[in-house]
Every structure is written in C-alpha cells, then in structure tokens.
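What follows is calculated from the coordinates using simple rules that are stated; it is not laboratory data. Computed from a prediction, not measured in an experiment: that's the story for all the values here. Every residue, glycine as well, gets a Cβ built from its backbone with ideal geometry; the counts of neighbours run over all protein chains shown.
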Ligand code: SRM
Ligand code: SF4
C-alpha cells in the first residue's frame, strides 16, 4: 500500500467523524477507472501496443481512458455515424488532441508550428481555441498521433495532463495591459502548471521515443498524485481583478490576485467550483467556489498542494459523477475541509481581502499597455480558426505570426490576443488582420461576451448543437435586443450541447443547455460578473419558444429595470427565478415555469 492509500482510509474516517461527529465512512467499491489507473504502470497501459495495431483506428476500452492523461480523446464523426453503420463499417474513428498552454501564452514561432500541424496532420483543417485558454485539434488519425505530438514537442509544446484525472491547463488573465501585475500573476499560473504535472515518463516513452524507465511498487514516481492520481479532473485559474475572464469561481481552485501599489502581494483563495451535472440527477449540480481567505503569494504552492492532496485522499473514488472537489467540500463540510487544508499547508488563511470582481468579457481591438506596447484582441467566433470563404482566418494568423515580435495569448472566451506590438509595427499587423477577416466586423457587447462549446459533430456527449448553431441563434437574440432598444448593452449568453457545462453555461445570465436535438433547457439569473449561478426557467424548449420567452423578458427589462441593473440581476429581482445561494440545495429547486 502506498503512503497516501494509508492516509486515504485513515483520513476518510477522521473527516467523516469530524463532519457529523460520529459516523465512520463506509468504503464503497472503487470505480473501473481507479483499477485502470492502478494497473496502468503510471499511465502506460497498452497504449504503445494499441498504437502499433493497424487493423483498427481505435484503442482498447481501457486505453481510451488512459490516453486522456496524454491529452487526447478517441472520437468519431457523429454526422457520419448512421451512414457508416448502414455500410457495416466501423465508426470513422479519429482523435481530438488538446495542448497544455499555461495562461494561454505562446510565441509566434510556436504558433507557426501549431498552424502547420493543423494543415498537415488533421482532417478538420482547423485549430479550435478552447474555453480554458488553449487549443485543440480535431480529426487526427491514429497513425498521425505520434508525428503530431513530436511536432508539438519540437516547438516546446505538449499535451500531457491537458485531460485526465490531474491538474489541467491552468488559466490566467491574459491581459497584458497591466504588464507588471500580469507578469506576476502569470508567474504563479506557470508554477501551478509545472509543479503539478504528472512525473511519469510514460508520455516521453510512448510519444517521443525515450527509453523505458523501469518502475516498481516502491518507486515514488508521483510524489503528489500517487499511482491512482486524483479521483477526477482538477482545474485551477488565476484571476486579476477586476477582470474575471477566467470565471474564477467555476474552478476547483481559484486564485484571485490581490495587489498593493501595483505589486502582487497574494491571493484570495476560492475552492469548490465546477459546472458539470447530469440532467435529472439531483445529486449532481453545478457549483461556484467558496471563498476561503487570503494567502500570501509565497504560500501559493503550499496551499495548492494541500488542496490537491485533500482532494486526492478525501475525493470520491467510487462514483465519478460525484468525485469533483465541489462534492468533497459539500460532503465533509466547509470547516472540516478548511481545517484540513490549513493543517497540511502548515499555514492559516488570513481574512479575505476586498477586491472588485468585474467583467468576464475580453476587450476587443487595440489597447495600449503601461509599457507603451500595443495589444490587439481579435474576436474568434466559436474559437474556430479556419480558412472560411472570404475570411481566411488561419492564413491571417499565420501571416501575422511570420512578422510579429511579441507573443500571442489565447483567452478563456476562445479569443486571440496579439500582444506587445511596438507602435511602428501596429499598422502592418492591423492591415493583415483586416485583409484576412480577423477585424472589421461589428461585434455586439452580447456576442463579444458569449460562448458556446464544441458539441456536434465531434463531442461524444453532445445532445444538441452548440458551436455550429450559436452564431445564428445570437443574431436572433441581437435582433430582439435591437427591437427593445438595448443592443448597446451586453448580456452573458452561453450555450452547451449537454449539461457537462464546457462553456460554463450555469454561470451565464442566459444559459442554454442541450437536452435533445434542437431542444434546450433555458437558465436565467446568474450575475453578470460570475459570482452567482443561474437556475432552470424553462425545460426542453425549442428556438421559437426560447426567443418568445426572451422577447417578453426583454420587454419587461426595458420597462422595469433599475438604474444600471444587469439582465441577470433583473430576472432574479422580478422573481422569474430565485437566486441560487446554496447550489447543493437551491439549484434543482423546481421553478413554476419549469
Ligand atoms: Fe469539457 C468533457 C470539450 C471546458 C466540463 N469536454 C468534454 C469532452 C472531452 C467530451 C468527452 O468527454 O468525450 C469535450 C470534447 C469536445 C470536442 O469534440 O472537442 C469537451 N471542454 C471542452 C472544451 C473544448 C469546450 C470548448 O468549446 O472550448 C473545453 C476545453 C477546455 C480546456 O482547454 O481544457 C472544455 N469542460 C470545460 C469546462 C469549462 C472550464 O473548465 O472552465 C467545463 C466546466 C467546468 C468543470 O470542469 O466543471 C467542462 N467537460 C466537462 C465535463 C463535466 C465534468 C464534471 O465535473 O462532471 C465533461 C464530462 C466528463 O468529464 O465526464 C467534459
Ligand atoms: Fe460536449 Fe457537453 Fe462539453 Fe459541449 S458541454 S463539449 S456537448 S461535453
């Protein structure tokens, strides 16, 4: 038994005793994934053998779980599923690979590599910016996986831990305007990303051809994770207020920067956020993180490691639907969790410092930073970088990368920043952006703040469209805003193809969550800033009904709103939905309309 397995049983009992004073946790059967991880020889499984098997485009079932830790998912084109079935062919398997890019920062040189891979090794011929500041490729065949990963490696990029039961890509506010503060916040995001990478050599061996390193039971290969890693995925973000583009409260662990005279002094630590839920299963729910208090910057890693280890040891390893940190905190209680984190960190939380949490949108166009460098934020609809008719977006970014001397930053709203442009280079970059359709279109305040997940045709879990349908849907909402005379105001609208919440829909003022083809649940009432969840308003409705509901609500909003009242706050004040205060209790409370 490894050290933390011993701790696991002991601390489970202690924590359970702490939370209700007497009960002792019953051990439940471990989930299949726990056995897979244990038996995987630190994430190797039989991936290597699967890769060399040419008779099928897929991996074995077990390896399909393990490849996630290496950054990719097996998928099939759902648009072609029935046709292939009728032809008695195996599904058209391909892979989605997600890179790990802490804080979304990459160099033009790296981008040229990313771009070349998309054009030569993927059938989607596109790059997809994600809601966590990185990029994905879709449509990679099994035989191209190794070449692709080696291509990324040649540009000092990788995909390890982009998916799987580990700390994922760490987000950080990408705003380069306040350069000093951003630099300090980014430093910690990078530390959090690097420190909690899996230490196994499996990735290097399988994909980069490194020699196999022998391991044995006694080897401390993974000092933080242990051989069974975390119970589930784990997400961290660093916010630099007032910007909340990283939606810090939706993360398992969030660091809200606290500055004094422009210098970072520490963070307000928040923990226990997450969006995923399952329709009809009330024990699952989205949740926003709790505030735990202020920590000094130099204690950042102590606290992060303490939280990771508590989740490692206390998290549910039997039911993967209930294994995120949010459920651990709800189960053991805020106080018990906090005390355990302080104990393991060896430091106590100080009272939370006052900070103002503001907008979650990106600032489009040119902005001048304090260092006199210019930064250009480009709106990328649906995060999809592709050469479209009349809008060769991918080519445009390639041409810019060839001449750009600063860096690039991906945003958590699926957008792209060309950062640190000198005054004398500004005109040339703008000309390239304009001539390739990357600039020049009017982006409304609502569209600029709204996001949709990938969904169909690649996502295996999608119940309805999102990325492909969302632009047209938004145009209809914009027409309604125009009709009611408030198109100049932004509403945060988010759509996902299912309740897993990849575009953080439960933190949107208007959230649309796929139920079935063409059908969505409509959620209302989140705050503009991302500090309150929304709630179900109408269930399983189609576009006409959604628009009709919004039409009536917009009419009332314009007539009855208080000064500077946001749409989300308005829907709560008039009682369209009640405010979610305790997600575990309130989120599923049925509303009259639902
Ligand atoms: Fe996600 C699963 C796409 C951000 C919660 N997510 C998936 C998969 C891999 C589907 C699957 O398991 O087969 C999707 C692949 C679709 C495709 O074809 O590309 C997928 N998630 C995405 C991305 C690409 C959406 C996007 O449009 O940008 C985002 C990639 C982020 C990244 O770069 O790491 C993405 N996913 C999120 C977020 C938002 C965030 O983290 O800020 C969430 C909600 C926050 C959270 O984790 O609670 C999210 N994805 C999920 C879940 C639900 C987890 C849960 O706790 O229940 C799943 C399903 C699962 O894990 O079982 C999921
Ligand atoms: Fe797929 Fe659902 Fe995530 Fe959308 S929210 S990408 S449909 S898992």
Full-extension gain in nm, residue 585 to residue 542, via 0.36 nm per residue minus C-alpha separation: 12.7 nm
Segments 490-500, 357-367, 222-232 sorted - mean Cβ within 10 Å per residue, highest first: 490-500, 222-232, 357-367
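How big is the C-alpha Rg of the range 100-194 next to the rule-of-thumb value 2.2 N^0.38 Å, as a ratio?
Taking N as the residue count of the range 100-194, the ratio is 1.14.
Averaging over all projection directions, find the projected area of the Cα convex hull of the chain and quote it in nm² with one decimal place.
27.2 nm²
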FRET efficiency estimate (nearest 0.05) - Cβ-Cβ, residue 298 to residue 461, R0 35 angstrom: 0.30
I'm a student and want to see the number: the projected area of the Cα convex hull of the range 313-418, averaged over all directions, in nm². 12.3 nm²
How many angstrom separate the Cα center of the range 90-121 from the Cα center of the range 561-592? 40 Å
Treat the range 94-144 as a sphere of radius equal to its Kirkwood radius over Cα pairs and apply Stokes-Einstein at 20 °C in a medium of 1.002 mPa s; give the translational diffusion coefficient in µm²/s, rounded to a whole number. 191 µm²/s
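Go ahead and estimate [θ] at 222 nm for the chain from helices alone: -39,500 (n - 2.57) per DSSP H run with n ≥ 4, summed, over the residue count, rounded to 500.
Numbers: 19 runs with 195 residues, N = 594.
Value at 222 nm, helices only, nearest 500: -9500 deg cm²/dmol.
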Relative contact order (%) - the range 512-575, alpha-carbon pairs under 8 angstrom, separation at least six: 32 percent
Can you give me the distance in nm between label points at residue 366 and residue 353, each placed 7 Å from the Cα along the Cα-to-Cβ direction? 3.4 nm
Put a dot 7 Å past each Cα toward the Cβ at residue 478 and residue 154; how far apart are the dots in nm? 4.0 nm
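Can you tell me how the range 180-237 classifies by the Cα gyration tensor, rounded, prolate or oblate, using a/c under 1.5 as the rounded cut?
Values: a/c = 2.75, a/b = 1.81, b/c = 1.52.
Since a/c reaches 1.5 and a/b is larger than b/c, the shape of the range 180-237 is classed as prolate.
Could you give the length gained by full extension between residue 32 and residue 54, i.e. 0.36 nm per residue of separation minus their alpha carbon distance, to one decimal place?
Values: separation 22, 0.36 × 22 = 7.92 nm, distance 2.69 nm.
Gain in length upon complete extension: 5.2 nm.
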Which value, in nm² and rounded to one decimal, describes the direction-averaged projected area of the C-alpha convex hull of the range 457-594? 7.9 nm²
Express in whole angstrom the spacing between the alpha-carbon centres of the range 293-331 and the range 247-275. 15 Å
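By per-residue mean of other Cβ atoms within 10 Å, what is the highest-first order of 307-319, 408-420, 193-205? Please report the intermediate quantities before stating the final value.
Working: 307-319: 21.6, 408-420: 25.1, 193-205: 18.3.
Answer by packing, highest mean first, reads 408-420, 307-319, 193-205.
How much space per residue, in cubic angstrom, does the convex hull of the C-alpha atoms of the range 136-283 take up?
Values: hull volume 26.3 nm³, N = 148.
Convex hull of Cα atoms, per residue: 178 Å³.
What number, in percent, do you get for the relative contact order of the range 264-320 if the mean sequence gap of Cα pairs under 8 Å and at least 6 apart is divided by its residue count?
35 percent
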Name the residues of the range 357-386 whose amide N is less than 15 Å from a point 7 angstrom out from the Cα of residue 434 along the C-beta direction? 365-366
Defining a contact as two alpha carbons under 8 Å apart and six or more residues distant in sequence, what relative contact order in percent does the chain show? 12 percent
Enumerate the residues in the range 432-455 having an amide nitrogen under 18 Å from the point lying 7 Å beyond the Cα of residue 487 toward its Cβ. 440-450
